[in-house]
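Peer 1: Next up is a structure, given as structure tokens.
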Amino acid sequence: MSRASRLRCRTLLSAAAAGAICLAGGARPAKAQMINAGQVLSDRQTAAATALRDAALKGTGASNLARSLATEVGPRLAGSTGDPLAVAWAVRTLKALGFSNVHTEKVMVPHWDRGAESAEVTAPYPQRLAVAALGGSVGTPEGGLEAPVVAADSLAALDRLDPAKVKGKIVFVDVRMKRARGIEGYAAAVPVRAAAASHAARLGASAVVIRSIGTDDNRLPHTGALRYEQGQPRIPAAALSAPDADLLAAEIASGKPVTLRLKLGARELPEAESANVIGEITGSEKPGEIVLLGCHLDSWDLGQGALDDGTGCAIVIEAARRLGELAPHARRTVRVVLFANEEFGLSGARAYAEAHKQELDRHVMAAESDLGSGRPWRLSTHIDMASYGWVREISRLIFPLGVAAGDNLAEGGADLSVLLPARVPMMELDQDATVYFDYHHTANDTMDKIVPRDLDYNVADWVVMAYVAADIPGDFGRAPLPDPARK
Ligand SMILES: [Zn+2]
């Protein structure tokens, strides 16, 4: 299914918690197939879930957890000095909060360091620009490189440029990300960050700069990983802040030849050792069955990683901690996994899938929080539709908090995407991301951006979802394999 038809499905469904469900392929199933009338919570379970929800709404410790990580560790890019500090923070925090089986699982991670960087227009009107290398970029020669600029307003437009006019130049890819409540604006723009370098290199460019993938007007560039294509030269790649992209565009619009000097000290260092950090609330009846609540422990280097993904870790830790206060615990084990290196290649996720492959068929549900602190507005799933009655029970409990029912096309978040081939059922509490991409991957991802009240709403939704998944007598079946046509 294309992303466009997926979005159409989502629009159709977002208003109806109990409405028809959009399946992969767009077919609408017969009603009897959709909902099993026997999949209802007991009075005891409804009372417990309601109490968990309402207690969280009275206030949680989630914002303190996120602030603790941002304060005591701060930036924690894979392989950097902050990485082991973050692992130590996670271990001591989970232990202090009473989790069981707290341990680390070794993960080897790449180590990239940005070094010193600068950019300036040298003609026709010299000005300095705020710039940040994209993650994984090679550096420029030591003295920097200076070249004329060629602009393109999309990857497709870049591909159409005459190689003779690109050779040796710096390509400027100027695409504006659209603000949205969901991630559609980001999804549409982020291929520029990932692919511009290799598209430009294919035409012989010496470097590439892009307008930051973000929605703000601050003079702060947004970093994020790029992906070099096999077989293409690796050229330096960096993002300009939005106002600096405007400035460069205005200089180009003057009609005079524009030249740019770019200096990136980025370099790849030897691999480093990091770890996934795991803690559990042991199940009272089926401890071998797992409900996985995930986040990523690493962050980019420019900010404090308060929103990305400090808040996500705070939400899942706090939701699970509250389940640990139940006596007895829910039937299944609730496992919190703080993944290593999501940002720069999903190393932690891949290591988890490999280390736990023998028990993935006992992962009853997995969900990841990784979209800042905005309140959830939609519950999407990727489960066997014969089990949708249980999701309706979750929806019934969190609908009053503003969470509508979504579709069955959830992908579970970046780290969990590696579990899709194992058909692990997924849930997504889609958060309001209207302002998230103002700060994402910038120096402005700092603790003052956390909205504590919104985190309480997140915890209330997560604790209900996790409790129901961990305590129901049935499960969510096995999820359909991802539809290859969707990407
Ligand atoms: Zn993230």
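The values are calculated or read from the model by the stated rules, or taken from the named source; none is laboratory data. From a predicted model like this one, the values you see are computed outputs, not experimental measurements. Counting neighbours? That spans all protein chains shown, and the Cβs are built from the backbone with ideal geometry, glycine included. All accessible areas refer to the heavy atoms of the entire protein, side chains included, with ligands and DNA or RNA removed. Shrake-Rupley method; radii C 1.70, N 1.55, O 1.52, S 1.80 Å.
Peer 1: Residue by residue through the range 446-482, note down the ones that are open to solvent by less than 10 Å² (accessible area, probe 1.4 Å), in a loop (DSSP other than H, G, I, E, B) and either acidic (Asp, Glu) or at pLDDT below 95 (or both).
Peer 2: Matches in the range 446-482: 479 only.
Peer 1: Is the range 461-478 home to any residue that is under 17 Å from the mean Cα position of the chain (by Cα), at negative phi and of a type in the set (A, V, I, L, M, F, W, C)? Show your work before the answer.
Peer 2: Taking the range 461-478 first, the residues under 17 Å from the mean Cα position of the chain (by Cα) are 462.
From what's left, at negative phi: 462.
Of the ones still in play, those that are also of a type in the set (A, V, I, L, M, F, W, C) are 462.
Among the residues of the range 461-478, at least one is under 17 Å from the mean Cα position of the chain (by Cα), at negative phi and of a type in the set (A, V, I, L, M, F, W, C), which makes the answer yes.
Peer 1: Residues that are farther than 18 Å from residue 384 by Cα and at pLDDT below 95: which helices (runs of 4 or more DSSP H) entirely in the range 1-72 hold 2 or more of them?
Peer 2: In the range 1-72, the matching helices (runs of 4 or more DSSP H) lie at 3-13.
Peer 1: So residue 402 ticks every box in (1) more than 26 Å from residue 53 (Cα to Cα); (2) free of Cβ contacts under 8 Å to residues at least 60 places away in the same chain but one. Which box is left unticked?
Peer 2: (1)
Peer 1: Would you confirm whether any residue within the range 292-303 is more than 15 Å from the ligand (Cβ to nearest atom) and open to solvent by 20 Å² or more (accessible area, probe 1.4 Å)?
Peer 2: No, there is no match, as no residue in the range 292-303 is more than 15 Å from the ligand (Cβ to nearest atom) and open to solvent by 20 Å² or more (accessible area, probe 1.4 Å).
Peer 1: Within the range 335-358, can one find any residue that is out of contact with any Leu (no Cβ under 9 Å at 6 or more places or on another chain) and assigned to a strand (DSSP E or B)?
Peer 2: No.
Peer 1: Oh, and also: Could you list, ordered by first residue, the pairs with Cβ atoms under 9 Å in which the first is in the range 246-273 and touching a residue at least 60 places away in the same chain (Cβ under 8 Å) and the second is open to solvent by 90 Å² or more (accessible area, probe 1.4 Å) and in a strand (DSSP E or B), at least 6 apart or interchain?
Peer 2: That search, which allows pairs on different chains as well, returns 259/146; 260/146; 261/146; 262/146; 273/106.
Peer 1: What about residue 83, is it surrounded by 21 or more Cβ atoms within 10 Å (Cβ to Cβ) and charged (D, E, K, R)?
Peer 2: yes
Peer 1: Shifting gears a bit: Taking the range 305-337 as the region of interest, how many residues are under 16 Å from the mean Cα position of the chain (by Cα) and either modelled with pLDDT under 95 or more than 12 Å from the ligand (Cβ to nearest atom) (or both)?
Peer 2: Final tally of qualifying residues: 4.
Peer 1: Something else now. In the range 359-384, what residues are outside any strand (DSSP E or B), open to solvent by 20 Å² or more (accessible area, probe 1.4 Å) and not charged (D, E, K, R)?
Peer 2: Selection gives 371 alone.
Peer 1: Filter the range 388-407 for residues that are open to solvent by less than 10 Å² (accessible area, probe 1.4 Å) and of a type outside the set (A, V, I, L, M, F, W, C); which is nearest to the ligand (Cβ to nearest atom)?
Peer 2: Only one residue tops the list, namely 406.
Peer 1: Could I ask something else about it? Could you pull out the residue among 173, 109 that is open to solvent by less than 20 Å² (accessible area, probe 1.4 Å) and without any contact (Cβ under 8 Å) to a residue 60 or more places away in the chain? Step through it out loud before you land on a result.
Peer 2: Details: 109 fails: without any contact (Cβ under 8 Å) to a residue 60 or more places away in the chain.
After applying the criteria, what remains is 173.
Peer 1: Could you give me the residue pairs with C-beta distances under 6 Å whose first residue belongs to the range 223-244 and is among the basic types (Lys, Arg), whose second residue is assigned to a loop (DSSP other than H, G, I, E, B) and modelled with pLDDT of 95 or more wherever it lies, and which are 6+ apart or on separate chains?
Peer 2: Going by the 6 Å Cβ cut-off, the qualifying pairs are 234/138; 234/228.
Peer 1: Further, regarding this structure: Whether any residue in the range 430-445 is more than 30 Å from residue 241 (Cβ to Cβ) and crowded, with 19+ Cβ neighbours inside 10 Å is what I want to check. Even if it seems obvious, please write down each step before you answer.
Peer 2: Here is the first cut: in the range 430-445, the ones more than 30 Å from residue 241 (Cβ to Cβ) are none.
So far as the range 430-445 goes, no, none of its residues is more than 30 Å from residue 241 (Cβ to Cβ) and crowded, with 19+ Cβ neighbours inside 10 Å.
Peer 1: Oh, and also: Taking residue 370 and the conditions (1) away from the ligand (no atom under 16 Å from the Cβ); (2) within 18 Å of the chain's Cα centre (by Cα); (3) of a type in the set (D, E, K, R), which numbered condition does it fall short on, given that it satisfies the others?
Peer 2: (1) is the only condition that residue 370 fails.
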